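Structure first, commentary second.
The values are calculated or read from the model by the stated rules, or taken from the named source; none is laboratory data. What you see is a predicted model, and the numbers here were worked out from it, not measured in a lab. Virtual Cβ from ideal backbone geometry, glycine too; neighbours counted across all protein chains shown.
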Amino acid sequence: MIIAIDGPAGSGKSTVAKLVAKRLNYRYIDTGAMYRAVAWTAQKKGMGPADETAMAQIAGSLDIEFVPSADGQLVLVDGENAMAHLKNETVGRGAATVAAQKSVREILVAKQRQIGEAGNVVMDGRDIGTVVFPQADKKFFFIADADERGRRRYEELKSKNPNLDLKIIIEEVRQRDHEDRNRKISPLVMAEDALEVDTTGLSIEEVTNHVLKNINNL
Ligand code: DC
């Protein structure tokens, strides 16, 4: 069984995907972390994310593992527990750049298919239901109001940076949406056979139960 959850940043897909995977005892694969891992590795090497050939080389040689843990999962990049680094805003911006590079996408999509092939997986991203697993058993497309997605992001980041400006964060969310939806390769679009879930105003638990109910009714 392959469950695909796609949607824009802040729509709640990773939080819910993680919980759904836990409830079903499936593996959870955060494909955004893979694009972030390429950007982070480049940053560690002192390289910017714009050089597609270099980024493809990094993507090809990257060893990325998703290991279940008490709080969801660990992401090991070349053996190092990297989740805290991957969440960084600079890494997020670099990830958006590498995610628009054709050769990087080809390499990471192949890795995602390899990981998912064994089945019983919940995979979240932007193109899982359209490109990675068009034959997924169940596809969800999460959306939410941009102001609410900005507020969620603000709450998540403000403990680390109390000087954050909510208006700027909302503007960044809109900007990221624009980039994801308008890039030439694998833009963020809903698969025709996906179920749209508007998470605006819903709690994590409400959305998780809604998704599980739909999966169980298959
Ligand atoms: O979901 P996220 O913020 O961790 O994703 C990081 C970047 O990677 C973001 O710009 C969208 C992109 N991405 C993608 O293009 N395709 C995916 N399957 C997952 C993420």
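Quick one: which strands (runs of 3 or more DSSP E) lie wholly within region 114-217 and hold at least 1 residues that are within 14 Å of the ligand (Cβ to nearest atom) and in contact with a strand residue (DSSP E or B) (Cβ under 6 Å, 6 or more places away or on another chain)? If you could, list the steps in order and put the result at the bottom.
Working: elements: 121-125, 138-143, 195-198.
The strands (runs of 3 or more DSSP E) meeting that bar are 121-125, 138-143.
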Check your understanding: Out of curiosity, is ARG176 loosely packed, with under 13 Cβ neighbours inside 10 Å and modelled with pLDDT under 95?
Key -> no
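Kindly evaluate ALA70 against the criterion of being within 16 Å of the ligand (Cβ to nearest atom) and either among the small types (Gly, Ala, Ser) or touching a residue at least 12 places away in the same chain (Cβ under 8 Å) (or both).
On the way: within 16 Å of the ligand (Cβ to nearest atom): no; either among the small types (Gly, Ala, Ser) or touching a residue at least 12 places away in the same chain (Cβ under 8 Å) (or both): yes.
In short, no.
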Review point. Based on what the data block shows, is ALA50 touching a residue at least 40 places away in the same chain (Cβ under 8 Å) and not in a strand (DSSP E or B)?
Key: yes
Practice item. Just name the residue that is nearest to PRO68 (Cα to Cα) out of those in region 81-100 that are in a loop (DSSP other than H, G, I, E, B) and either more than 8 Å from the ligand (Cβ to nearest atom) or among the aromatic types (Phe, Trp, Tyr) (or both). Key: ALA82
**Study point:** Options ILE29, ILE58; residue that is surrounded by 20 or more Cβ atoms within 10 Å (Cβ to Cβ), under 24 Å from LEU212 (Cα atoms) and of a type in the set (Val, Ile, Thr)
**Key:** ILE29
Check your understanding: Any idea which of (1) over 23 Å from SER159 (Cβ atoms); (2) crowded, with 20+ Cβ neighbours inside 10 Å is the one LYS102 doesn't satisfy?
Key -> (2)
Exercise for review: Answer yes if at least one residue in region 33-41 is within 15 Å of the chain's Cα centre (by Cα) and either more than 13 Å from the ligand (Cβ to nearest atom) or among the charged types (D, E, K, R) (or both), and no otherwise.
Suggested key: yes
Review point. Among the residues of region 161-205, which ones are farther than 29 Å from LEU108 by Cβ and among the small types (Gly, Ala, Ser)?
Key: GLY201, SER203
Review point. Does region 51-67 include one or more residues that are within 11 Å of the ligand (Cβ to nearest atom) and under 26 Å from LYS160 (Cβ atoms)?
Key: no
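Just to check your reading of the model, which residue among LYS184, LYS213 is closer than 19 Å to VAL132 by Cα, loosely packed, with under 15 Cβ neighbours inside 10 Å and not small (Gly, Ala, Ser)? Even if it seems obvious, please write down each step before you answer.
Numbers: LYS213 fails: closer than 19 Å to VAL132 by Cα.
Going through LYS184, LYS213 in turn, the sole match is LYS184.
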